[in-house]
Structure formats: C-alpha cells, structure tokens
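We did not get these values from a lab; they are worked out from the coordinates using the rules stated. If you're wondering where the values come from, they're calculated on a predicted model, not measured in any experiment. Please note: Cβ atoms are built from the backbone with ideal geometry, for glycine as well, and neighbour counts cover all protein chains shown.
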Amino acid sequence: MARRKSNAAKTAERAVKKTHTATIILAVLFLIVGAVAGVLVSRNLTKDDRFVLNGDEVVRIEVGGTFADEGATVVSFGKDISSKVAVGGDTLNAGQEGIYQLVYTVDDFRWGDYQLVRVVIVGDPEGAEDFLNG
C-alpha cells in the first residue's frame, strides 16, 4: 500500500522547489561570513588569555625552611580570575626531605582540564638532580 504524503510535507516540498538559486547562495554566503566573524571575535576575546605559574616552576628549600607560594595568574576571556585557582597535589612538609608536586587548577570553561605543576624540593632527596637538570 502506497503511503500518502501529508499536507505539511507537500507544502514543504513545494517551498523547497520554489526556493530561488540566489536565495540559497545568499544563505550559504551569510553562513560562511558568520562563521568567519565568529572565529575572528573569539580570537580577539582570547588573545591575552593565559594560565601561568608566578615564580619558578622548580623551587628548592632547606629542610625546616619556608616556602612562600607565589601562586598562578589566570586570564580567561580577558578577565583576571586568578582568585579561582585551587592548589592540590602533595601536602608540602618543609620539615621533611622530599620532592613535592603542587598542582594548580582553575574551575573555568576556557581552562577546563588544564593544570600546572610546581615542584618543591625540600633538602637533598634522591632524584632531586633530575628535576633541577631538566
């Protein structure tokens, strides 16, 4: 049994058939122009964005010394959101020799899963030279 098309389907089909070629070309042209404009605006909004550690990536202190975390700077879509930086990773114990990794993250759409790591070397533990020499 043959299926009959609904009135809505017939109307839509006629509308597509009646669409002028110039209309289709203009629609595609506007789509392309809109996409290019979107890319240019996005690049302009994010050109100065950054997520960087303040201070050194590898810090060395003596056992019992003090470590002053300099934090990180985050700019997302032109706005400084450094106050949103969270520091995780190892719990630094300046009284115990070791290699500690501090992990910096930010809850932000732009920087999503991106993270930075600062290594703090306390004393002279085994393997410290590997971090210091690259």
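Determine the shape class of segment 30-102: with a ≥ b ≥ c the square roots of the Cα gyration tensor eigenvalues, call it rounded for a/c under 1.5, and otherwise prolate if a/b is greater than b/c, oblate otherwise.
Note, shape of segment 30-102 comes out prolate.
Using a simple spin-label model with points 7 Å from Cα along the Cα→Cβ vector, what separation in nm is obtained for Arg14 and Leu53?
The two pseudo-label positions are separated by 7.1 nm.
What is the fewest-to-most order of Asp130, Asp108 by other Cβ atoms lying within 10 Å of their Cβ?
Neighbour counts put them in this order, fewest first: Asp130, Asp108.
Which ³J(HN,Hα) values in Hz, rounded to whole numbers, follow from the phi angles of segment 88-104 under the Karplus curve 6.51 cos²θ - 1.76 cosθ + 1.60, where θ = phi - 60° and Gly and Pro get x?
Listing the rounded values in order: x, x, 6, 8, 6, 10, 5, x, 10, 4, x, 10, 10, 10, 9, 10, 9 Hz.
Using Cα atoms only, what is the angle between the long axis of helix 7-18 and the major principal axis of the chain, expressed in degrees (0 to 90) to the nearest 10?
90 degrees
Under 18 Å from a point 7 Å along the Cα-to-Cβ line of Ser83: which residues of segment 90-111 have their amide N that close?
105-109
Give me the extension gain from Thr23 to Ser42: residue separation times 0.36 nm, minus the current Cα-Cα distance, reported in nm with one decimal.
This chain segment gains 4.0 nm when fully extended.
Cβ under 13 Å from Val103's Cβ, Val103 left aside: what net charge do those residues give with Lys, Arg +1 and Asp, Glu -1?
Overall, the nearby charge balance is -3.
Shape of segment 7-46 from its Cα gyration tensor (a ≥ b ≥ c, root eigenvalues): rounded if a/c is under 1.5, otherwise prolate when a/b > b/c, or oblate?
The shape class here is oblate.
Report the local net charge at Gly88: Lys and Arg +1, Asp and Glu -1, summed over other residues whose C-beta lies under 15 Å from its C-beta.
Local charge sum for Gly88: -2.
Under 15 Å Cα-Cα from Lys47, which aspartates and glutamates qualify once same-chain neighbours fewer than 8 residues away are excluded?
In chain and number order, the partners are Asp80.
Can you give me the relative contact order of the chain as a percent, contacts being Cα pairs under 8 Å and 6 or more apart?
So the answer I get is 21 percent.
Output needed: percent of Cα pairs per 10 Å distance bin for the chain, bins running from 0 to the one holding the longest distance.
10, 24, 17, 13, 10, 10, 8, 7, 1
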